[in-house]
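Participant: This structure is in structure tokens; I'll ask about it shortly.
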Amino acid sequence: MPNYFLENPDLLTTFDRVVRWDEIVPLSEGKDADVADTVSTWREVLSVAGEYIGSEVAKRARLVDELGVIRDNGKVSLSVPLQENIKGLAELGLIGLSFPKEHGGSGLPFTVTAFVIEMLARACASTMIQNGIAYTAPAAMIFRDGTDEQKERYLPALGRGEISGAVAMTEPEAGSDVGNLSTTATQRDGCWFIDGRKQFISAGNGDFVIVLARSASGSKGLDGLSLFVADRVVDGRDNYKVERAEHKFTIRGSPTCSLVFEGTRAMPLGEIGQGWRGITRFMNESRIGVGIQGLGIAQAALVAAQEYAARRVQMDKPIREHPMIAEMLLEMETTVAGLRALIVEAAALQDAVMHGTDDSTAWRLRELTPLVKWYGSEEAVHTCRRALQIFGGYGVVTEYDVERHMRDALITPIYEGTSQIQSLMAVRDLMRSLLRKPQSLLSGGPSTTLARAKFDGDAGRDFATARSTLVWTLRGLTTGLARRGGVSLLRGGRQPSDEELQPFMLNAERITETLAHVHVARALGEQAKRVPERASLFARAARRAKLVAQSNAKEISAGDGGVFTRIAEYERDRTAARK
Ligand SMILES: Cc1cc2nc3c(=O)[nH]c(=O)nc-3n(C[C@H](O)[C@H](O)[C@H](O)COP(=O)(O)OP(=O)(O)OC[C@H]3O[C@@H](n4cnc5c(N)ncnc54)[C@H](O)[C@@H]3O)c2cc1C
């Protein structure tokens, strides 16, 4: 079994030659730290992690998938091999890597832990999500918003893997529409009690759960929400019920639980009324986490496909020498390297934001987050689909791992905000910049990062065409908006109505796809300036960005295809049914 760090050339190049460690090290270790020394220690940590994950975790992945979640007399638990993975990670100190040093962790920056997350997702997507959602995410939330007592109580035990938590936001009637949640938190005699039901809670069978609940009675939407910590067992009795774990075909080892709260005792986490703020920070971090999960799964599918295509002979040659297969492999390789380039950038921005930085860095992170989630998910699915195809009939056989990678990839466009929700977020922010600076449509467009990017040669020209096609598309949509709503909209006189924004909303995913591809090409182009061997990757990514931008531009300018007429019919039916 390979060392997932030392034997992955792209990952190694990223660590050794791409990441600006001179900017990252001072953030976590202080400005007097020896950069070379620190980086060499981190490299050693990743080598040890790569060895354990590439051998032990990868070896158990098929069994984790096969056994799924254990349900014994109504009790939900992890399978033994998944428990062994967590135990092994804890023993090596890998669970607490990102936890602060003063609470028993190693205090490593996200830029380093992102490598571990990717390797874990490559080996076993269920173990990766268990590690992320049961340990890292609750720890980060408690560290950020918890009291000293809460930090002392939960953080060291989480870091040692002795207890596990979960984060519960989703409800039966509140999925993408978080503001519709109805779980309440009520204060009586100085104590808080939770009542309601949470759905699809990863690792919900653990020792405690962080719950988003409505603490201001009568409040609506995203106002009046707060975060609480509830222990599973209080005074020897169940404090909330783990009603069931879903049977599912993806990340099968990860328990996805329904939780029932009836008079559940809970402690506030952070300020009452600030729940939306807290959960938004969690979601933004988790979205990058899911993008990394997609990267790990795509890397696994890529390696499997590369190896298979080299040894499978059809029509007298290895199938990788047939042009269509060779093209698929090349595209997969470009996608994986491009996604990694985007993630490394986002991780560095996240480290900067966590240590307090200027607004423009925070804005760049905000711009990249939905793109990392969207591209990481959709392209992971696409990459796995190609791997499956390369395996032919063997692809659907459970003896080979590609069918598991395909199934696992399919969760990524759904949780932590679906691909459609990511697209709406990306396009809303783009609109905001655009309405603030409509003149940007006459130059490089509303994204400052994209507008400033400049590259030489044919690849540079492809990149520039991709970007100008995107800007041209946005100009067309904005002209339509001004035609419907008047130019006062463009002067910032008022916010556009939902109806006026409909063409943007219809095309949100197309715009996001183009935006993501252009950013991927830009990120690889920046890398190629420092690592010349990356020039061919950049050239391929830039060409692809151009083709994607042109295809989406064509679809967008072809009109709505009758969608709005159909929506009007649906609305008429709904109104008629109500009468
Ligand atoms: C395996 C798994 C693990 C999960 N883990 C957790 C967890 O740990 N904690 C937690 O709180 N939640 C968790 N979730 C919940 C997950 O985040 C939600 O399933 C997700 O946000 C989507 O919500 P929904 O399933 O209710 O779908 P819906 O919101 O009902 O969406 C259905 C479809 O409609 C689309 N849609 C909705 N609104 C719009 C719109 N305005 N415009 C365009 N399209 C739209 C969606 O994109 C989707 O395609 C998990 C889910 C799964 C399946």
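The values are calculated or read from the model by the stated rules, or taken from the named source; none is laboratory data. This is a predicted model, so every value here is computed, not measured. Here Cβ is always computed from backbone atoms with ideal geometry, including for glycine, and neighbour counts include all displayed protein chains. With ligands, DNA and RNA removed, areas are computed over all heavy atoms of the protein, side chains included. Shrake-Rupley method; radii C 1.70, N 1.55, O 1.52, S 1.80 Å.
Participant: Residue check, Phe143 against (1) part of a helix (DSSP H, G or I); (2) in contact with a His (Cβ under 9 Å, 6 or more places away or on another chain); (3) crowded, with 24+ Cβ neighbours inside 10 Å, all met but one. Which one?
Facilitator: Every condition holds for Phe143 apart from (3).
Participant: If the requirement is being open to solvent by 20 Å² or more (accessible area, probe 1.4 Å), of a type in the set (Lys, Arg) and more than 20 Å from Arg510 (Cβ to Cβ), which of these qualifies: Arg364, Arg385?
Facilitator: Values: Arg385 fails: more than 20 Å from Arg510 (Cβ to Cβ).
None of the others qualify; the one that does is Arg364.
Participant: To continue, here is another question. Suppose we filter Val57, Val35, Val80, Val39 for residues that are touching a residue at least 40 places away in the same chain (Cβ under 8 Å) and either closer than 26 Å to Thr256 by Cα or among the hydrophobic types (A, V, I, L, M, F, W, C) (or both); which single one remains?
Facilitator: Details: Val35 fails: touching a residue at least 40 places away in the same chain (Cβ under 8 Å); Val80 fails: touching a residue at least 40 places away in the same chain (Cβ under 8 Å); Val39 fails: touching a residue at least 40 places away in the same chain (Cβ under 8 Å).
Just a single option satisfies the conditions, and that option is Val57.
Participant: Of the residues in the range 308-326, how many are surrounded by fewer than 11 Cβ atoms within 10 Å (Cβ to Cβ) and assigned to a helix (DSSP H, G or I)?
Facilitator: Within the range 308-326, residues that are surrounded by fewer than 11 Cβ atoms within 10 Å (Cβ to Cβ) and assigned to a helix (DSSP H, G or I) number 3.
Participant: OK, next. Hey, can you tell me all the residues within the range 1-43 that are surrounded by 14 or more Cβ atoms within 10 Å (Cβ to Cβ), among the acidic types (Asp, Glu) and out of contact with any Lys or Arg (no Cβ under 9 Å at 6 or more places or on another chain)?
Facilitator: Glu7, Glu29
Participant: I've got another one for you. Looking only at the range 189-208, filter to residues that are within 12 Å of the ligand (Cβ to nearest atom) and not in a strand (DSSP E or B); which one of those is most open to solvent (accessible area, probe 1.4 Å)?
Facilitator: It comes out as Asn205.
Participant: Please determine whether any residue of the range 173-188 is open to solvent by less than 70 Å² (accessible area, probe 1.4 Å), aliphatic (A, V, I, L, M), within 11 Å of the ligand (Cβ to nearest atom) and within 29 Å of Asn85 (Cβ to Cβ).
Facilitator: Here is the first cut: in the range 173-188, the ones open to solvent by less than 70 Å² (accessible area, probe 1.4 Å) are 174-175, 178-179, 181, 183-186.
Still in the running and aliphatic (A, V, I, L, M): 174, 178, 181, 185.
From the residues that got through so far, the ones that are within 11 Å of the ligand (Cβ to nearest atom) too are 174, 178, 181.
From what's left, within 29 Å of Asn85 (Cβ to Cβ): none.
The answer is no, given that none of the residues of the range 173-188 is open to solvent by less than 70 Å² (accessible area, probe 1.4 Å), aliphatic (A, V, I, L, M), within 11 Å of the ligand (Cβ to nearest atom) and within 29 Å of Asn85 (Cβ to Cβ).
Participant: Report yes if some residue within the range 124-138 is outside any helix (DSSP H, G or I), open to solvent by 30 Å² or more (accessible area, probe 1.4 Å), more than 15 Å from Gly278 (Cβ to Cβ) and not acidic (Asp, Glu); otherwise report no.
Facilitator: At the first step, the residues of the range 124-138 found to be outside any helix (DSSP H, G or I) are 124.
Those left that are additionally open to solvent by 30 Å² or more (accessible area, probe 1.4 Å): none.
No, there is no match, as no residue in the range 124-138 is outside any helix (DSSP H, G or I), open to solvent by 30 Å² or more (accessible area, probe 1.4 Å), more than 15 Å from Gly278 (Cβ to Cβ) and not acidic (Asp, Glu).
Participant: Could you say whether any residue in the range 227-248 is within 12 Å of the ligand (Cβ to nearest atom), open to solvent by 60 Å² or more (accessible area, probe 1.4 Å) and of a type outside the set (Val, Ile, Thr)?
Facilitator: Yes, the range 227-248 has at least one match.
Participant: Is it true that Thr369 is part of a helix (DSSP H, G or I) and within 16 Å of the ligand (Cβ to nearest atom)? Talk me through it step by step, then tell me what you get.
Facilitator: Details: part of a helix (DSSP H, G or I): yes; within 16 Å of the ligand (Cβ to nearest atom): yes.
Spelling it out, Thr369 is indeed part of a helix (DSSP H, G or I) and within 16 Å of the ligand (Cβ to nearest atom).
Participant: Still on this structure, please answer the following. Return a yes/no flag: does the range 108-120 have any residue that is touching a Phe, Trp or Tyr at 6+ places or on another chain (Cβ under 9 Å), acidic (Asp, Glu) and not in a loop (DSSP other than H, G, I, E, B).
Facilitator: Taking every residue of the range 108-120 in turn, at least one turns out to be touching a Phe, Trp or Tyr at 6+ places or on another chain (Cβ under 9 Å), acidic (Asp, Glu) and not in a loop (DSSP other than H, G, I, E, B).
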